[in-house]
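Q: Let me give you the structure first, and then I'll get to my questions.
Where a number appears in this text, it was derived from the coordinates with a stated rule and is not lab data. Values in this document were obtained by computation on a predicted structure and should not be read as measured data. FYI the Cβ positions are ideal-geometry reconstructions off the backbone, even for glycines, and counts take in every protein chain you see.
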C-alpha cells in the first residue's frame, strides 16, 4: 500500500500533466460548485468519523475536485484526494443530490484508500503512464484518431485496471458514500436514481457501456442495495439549489467545442427556456445569456440574465431563499457590467459575491478583474 505522502506526491504528479491540457476545465464557477459540495460532504464524513475522515485523515488529502470538458458520463478518483468529473455527468444529472451521490461514492474510495491499496511502491512509471492514458482519453474526445497510440497496448489495459475497482470496493464506497450523502442533507434517492439511469443507458450506448460503468462495475444488486438504504431513511423534502441549473448550462458551454456546437447549443438552450419546468427554464435563459456574452451581444445577454434571475427569485423556484443564491448569476452580472464599462458596479457586485461566498475562486477573480479595469 502507498503511504499517504507517496499517494499525494503521485496525485500531484498526475495533476501537473492534466491541468495544462485543453480539456481541463478552467471554469471557476464549476470549480467552486464542485469543491463547495465536496467540503459539505467532508464535513458530514468528519462528524460521522467515517473511513478515516477525521480532521487528520481528510486533512492529509486536501481534496480537490475538478471538471474535464467531456460529454461522456464519468467521474474518477486519483491518488491523493483528487476527483475528476466529466462535464457530461453534470449535464446528465437531474439534481445536485445526484451529483453529490457520485461525489460521495468517489470520496468513499479515497477515504478507504482503495486506489492506494492496489498500488505498490514501484508505481512512478505507472503514474506517468496513467496521466498519459487520461490525457489520451481527453485527446480522443477531440480527435478520435489522434490519441489511438496512447490508448493501445498492454500498458493502457494495466493503467485502466488501476482506476477500476473490485465489486467489494464498489460496495464499500456505496455504503460510505450513502452515509455521507444522508448526513450532509442531500436527497438520499439521488444515488439509486442516477445509477438506475446509468444502467438503462448501458443498453443504448454505441459501445454498450458508459465510461463510468467500465471502471465502476454496476450490478442490479448494487442498485437494489441503494434503494433499500434510501427506503430506510426518513422522508425528507430536499430541493435542488438553483445554482445547479446554472452549472449545467456552464457545463454544456464547456463541452460545446466548435462554432457548429455553439449553434446546436443555442437551439438546446432555447428549447429549455420554453419548458414548463422552472429549473430547465433557468438553465435555458442562463445558457442563452452565456452564448450572447461570448458572441459580444452584451445587451441581449443582460436581458437573458435578468430572465434567469427572475425565475430564480420567483415563487415557482425550488426551495428556500438561501438555496436560491447563485454564484454563477452574480459572476456573470459582474462580467457583463465590466463589458458595459460599468466598472464600479462590476466591483460592487464582485465584492458582495465574495462576501456571500468567501471561499469562491470565481468571486476573487471577478474582483481582481474589476480592480484591474479601474486601474
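Q: Working out 0.36 nm times the residue gap between residue 197 and residue 47, then minus their Cα-Cα distance, what length gain in nm do you get to one decimal?
A: Details: separation 150, 0.36 × 150 = 54.00 nm, distance 3.10 nm.
Working it through step by step, the gained length comes to 50.9 nm.
Q: First measure r as the distance between the Cβ atoms of residue 352 and residue 167, then evaluate 1/(1 + (r/R0)^6) with R0 = 35 Å and state the FRET efficiency to the nearest 0.05. Don't jump to the answer; show the numbers that get you there.
A: Numbers: r = 49 Å, r/R0 = 1.39.
Working from the Cβ atoms, E equals 0.10.
Q: Turning to a different aspect of this structure: Given Cα positions, please report Rg to Rh for segment 243-374, the hydrodynamic radius being the Kirkwood one.
A: Taking Rg over the Kirkwood Rh, I get 0.97.
Q: Something else: At residue 236 and residue 368, where each label point lies 7 Å from the Cα along Cα→Cβ, what is the point-to-point distance in nanometres?
A: So the label points at residue 236 and residue 368 sit 3.6 nm apart.
Q: Which whole-number percent of Cα pairs in segment 326-365 have a distance greater than 16 Å? Before the final figure, lay out each step's value.
A: On the way: 161 of 780 pairs.
Distances greater than 16 Å cover 21 percent of the Cα pairs.
Q: With a 10 Å Cβ neighbour count serving as the proxy for reagent exposure, in which order, fewest first, do 262, 253 appear? Could the numbers behind the result be given before it?
A: Values: 262 14, 253 22.
The fewest-first ordering by Cβ neighbours comes to 262, 253.
Q: So for each of 176-184, 101-109 I average, over its residues, the number of other beta carbons within 10 Å; can you give me the resulting order with the highest mean first? Don't skip to the end; give the middle numbers.
A: Working: 176-184: 23.3, 101-109: 27.0.
The most tightly packed comes first, giving 101-109, 176-184.
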